[in-house]
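Worksheet: the structure to be examined is printed underneath.
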Amino acid sequence: MTAFLYPQETMTRRVKDISGIWRFKLDTRNEGRVNDWKDGLTDTTDMAVPSSYNDIFTEKEMRDHCGDVWYETEVMIPSEWKDKDVFVRFGSATHQATVWVNGVEVASHVGGYMPFAGLLNDCIKFDQKNKVVVVVNNELSRTTIPCGHVAEYEDGVREVKPWFDFFNYAGIHRPVKLMALPKHRLSDITVITDFEGTVGKVDYTLEANLPDGAQVSVKLYDAQGTPVAEHTGVKGQLKVENVNLWKPGDGYLYTLETSIEVDGAIVDQYPLEVGIRTVKVEGTKFLINNEPFYFKGFGKHEDSDHRGRGYDPVVNLRDMELMDWINANSMRTSHYPYAEEFMQLANRRGLVVIDETPAVGQWDMMISGGGIAGAGAGAGGSEKLKFFDNEDVQTEGLAAQKFAIEELFKRDKNHPCVVMWSLSNEPDTSQESSNEYFRQVFEYARTQDPQNRPLTFVNFMMAPYGKCHAHQHADVICLNRYYGWYIMGGIEMRDAGKAFAKELAGWATEGKPIIITEYGADTTAGVHKLPSVQWSEEYQVEYLDQQHFAFDSCDAVVGEQMWNFADFQTWEGIIRMDGNKKGAFTRNRQPKMAAHHLRKRWAKIPDFKYKK
Ligand code: GCB
């Protein structure tokens with residue numbers, strides 16, 4: 001659990017960020033592991049940490065590399081930390097990594113979007129430079145999460161083919177930190193919140209390795225720093241009079257401070273931000289604090305120029321500002337868990353989040369590289385498509401997906417912004433065998449969230465109403481639909497709204513809330529055309545009107561998240577022009593006409609007013 005508790009400095013804990021420019025080397029001949037590069041690299045170049053390594057250099061070799069890359073840096077570890085447990089912690093490394101310190105392996109992790117840490121006690125040289133070497137691998141397969149494959153060409157060149165529509169950025173994507181923690185310490189906190197009238201309740205459970213005679217106490221402070229409740233012991237309930245609830249657009253946060261004391265001396269201390277709110281699905285309503293919520297916002301990506309998927313607080317803050325400007329109240333972390341620092345911002349700003357695992361590409365359709373457009377052909381039950389019939393998918397793939405769920409829920413369970421978990425984006429649920437697969441996925445996920453939040457997966461348009469074999473497991477129906485773009489584009493778009501409304505009427509009979517988690521049209525910023533044509537800004541606006549007509553016709557629709565917040569990078573191909581252009585904003589975060597259009601619509605739909 002060491003990795004999941006976010007690193008914070010307190011009187012008992014020290015944190016040192018070691019991000020910066022590190023040494024870097026591509027392993028083009030795949031020799032690093034056998035030739036002990038773990039002991040030190042030669043002939044290196046510079047690399048920014050955190051960042052994707054792909055878009056910084058000018059050579060295709062760097063951008064399109066398949067396989068291992070190596071990083072190295074040196075860190076000074078002070079002897080003042082001798083009595084502590086010293087860890088190195090990575091916010092994420094995509095998709096797999098192994099870490100050595102002074103030649104000794106300290107951590108290995110599979111999964112590109114989760115933190116992991118290694119204990120350094122046995123290999124540290126105090127008050128000297130310690131060599132940190134990391135190998136990161138970007139390869140994907142049918143049984144990894146996300147899915148993809150490696151193509152090999154006659155000349156020996158290898159290429160990772162993602163089965164998803166975003167660039168397979170790789171590298172050390174999030175900050176790297178040294179942590180010096182007390183030997184007796186808190187290792188996990190779980191909170192469950194509720195309220196009755198004006199009284200808030202926070203049930204807490206702590207995990208800690210306690211020394212003899214230890215006293216554990218927790219104190220809850222309000223946003224002004226005034227203590228409002230306290231309790232002792234590793235488990236208990238705190239009651240808050242005149243509670244300030246965490247609400248969409250108003251992320252009121254309390255701080256739960258845990259202290260472990262021995263003979264009056266504090267041995268560990270850790271603060272956790274807590275938002276008091278409830279989440280529930282009732283019939284076709286999605287309730288936050290018992291009120292029916294309407295989701296307005298986007299599916300996003302962690303994606304920006306030069307950085308790729310690398311963490312950047314400037315981009316995150318700009319995105320939050322734009323989200324406020326456009327009157328959005330929510331987003332989905334499509335198609336993988338976002339940086340912890342992003343989730344903290346969402347907590348603070350009251351941005352409602354559908355938190356998605358990295359399970360994307362669970363279909364055969366992208367294998368040929370035909371892309372989404374090519375994907376349609378033969379979908380909906382063709383014998384060629386059998387992703388979930390593969391035995392290794394049902395075993396290894398399922399295990400990888402469960403692991404991704406376990407880790408995400410552990411990392412994000414306490415965030416008030418998270419109101420629902422999305423377990424997969426667009427798996428091929430037109431296949432019968434997806435039923436049993438998702439029965440197991442959902443059954444497992446239901447054991448993993450202490451707050452029992454609603455669970456969903458995102459349905460794709462090749463498993464429309466009547467053809468989906470897995471929606472029965474979900475609490476909320478989430479639909480990605482492209483009426484007027486991938487189908488009924490151009491002149492036919494005039495009827496797209498009606499066709500969409502017809503499908504929605506079918507889904508509405510399921511008696512569950514429906515969220516449209518994707519709808520969008522590629523649009524080149526600056527291209528204007530009267531009358532409109534596909535790719536023009538005018539077309540994107542007209543397309544939105546068709547979609548909104550459909551949503552407004554269906555009472556079970558409780559949310560709309562347009563695809564995408566901003567233009568983003570993808571694989572190259574004939575249906576992508578330097579990336580996916582469905583953004584309301586450009587990749588450098590300036591508005592298209594559609595952004596102004598959405599802003600006006602969303603100003604008129606309050607967070608809690610249910611459409612009549
Ligand atoms: C989808 C996918 C998303 C793609 C989008 C598109 O259904 O979920 O990853 O980027 O379509 O633009 O085609």
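The values are calculated or read from the model by the stated rules, or taken from the named source; none is laboratory data. Everything quoted here is computed from the prediction, not taken from an experiment. Quick reminder, even Gly has a Cβ in these numbers, built from the backbone with ideal geometry, and neighbours come from all protein chains shown. Keep in mind that these areas ignore ligands, DNA and RNA; they rest on the heavy atoms of the full protein, side chains included. Shrake-Rupley method; radii C 1.70, N 1.55, O 1.52, S 1.80 Å.
Brief remarks follow.
- Selection from the stretch 509-536 of residues that are over 16 Å from residue 489 (Cβ atoms) and either part of a loop (DSSP other than H, G, I, E, B) or away from the ligand (no atom under 15 Å from the Cβ) (or both): 509, 510, 511, 512, 513, 514, 525, 526, 528, 530
- Residues in the stretch 412-437 that are closer than 18 Å to residue 144 by Cβ and hydrophobic (A, V, I, L, M, F, W, C): 423 alone.
- Selection count, the stretch 117-150, where residues are without any contact (Cβ under 8 Å) to a residue 60 or more places away in the chain, open to solvent by less than 40 Å² (accessible area, probe 1.4 Å) and part of a strand (DSSP E or B): 2
Table: residues versus (1) under 28 Å from residue 571 (Cβ atoms); (2) among the hydroxyl-bearing types (Ser, Thr, Tyr); (3) surrounded by 20 or more Cβ atoms within 10 Å (Cβ to Cβ).
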| residue | (1), (2), (3) |
| --- | --- |
| 16 | no, no, no |
| 36 | no, no, no |
| 39 | no, no, no |
| 79 | no, yes, no |
| 94 | yes, yes, yes |
| 99 | no, no, yes |
| 103 | no, no, no |
| 109 | yes, no, yes |
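- Selection within the stretch 453-466 - closer than 25 Å to residue 165 by Cα and either more than 16 Å from the ligand (Cβ to nearest atom) or out of contact with any Ser or Thr (no Cβ under 9 Å at 6 or more places or on another chain) (or both): 455, 461, 465
- Pairs are defined by a Cβ separation below 9 Å, a sequence spacing of at least 6 or placement on different chains, a first member in the stretch 458-482 that is over 21 Å from residue 520 (Cα atoms) and free of Cβ contacts under 8 Å to residues at least 40 places away in the same chain, and a second member that is open to solvent by 20 Å² or more (accessible area, probe 1.4 Å) and more than 10 Å from the ligand (Cβ to nearest atom); the pairs so defined are 472/435; 472/439; 472/510; 473/435; 473/439; 473/443; 474/512.
- Residue that is part of a strand (DSSP E or B) and either of a type in the set (A, V, I, L, M, F, W, C) or open to solvent by less than 20 Å² (accessible area, probe 1.4 Å) (or both), where the choices are 4, 24, 57: 24
- Taking the stretch 537-554 as the range and being more than 14 Å from the ligand (Cβ to nearest atom) and hydroxyl-bearing (Ser, Thr, Tyr) as the test, the residues that pass are 539, 553.
- For the residues 602, 535, 571, the requirement of being modelled with pLDDT under 95 and farther than 26 Å from residue 472 by Cα singles out 571.
- From the options 428, 495, residue that is open to solvent by 30 Å² or more (accessible area, probe 1.4 Å) and of a type in the set (Asp, Glu): 495
- Residues in the stretch 226-260 that are charged (D, E, K, R), open to solvent by 60 Å² or more (accessible area, probe 1.4 Å) and not in a loop (DSSP other than H, G, I, E, B): 230, 235, 239, 247, 250.
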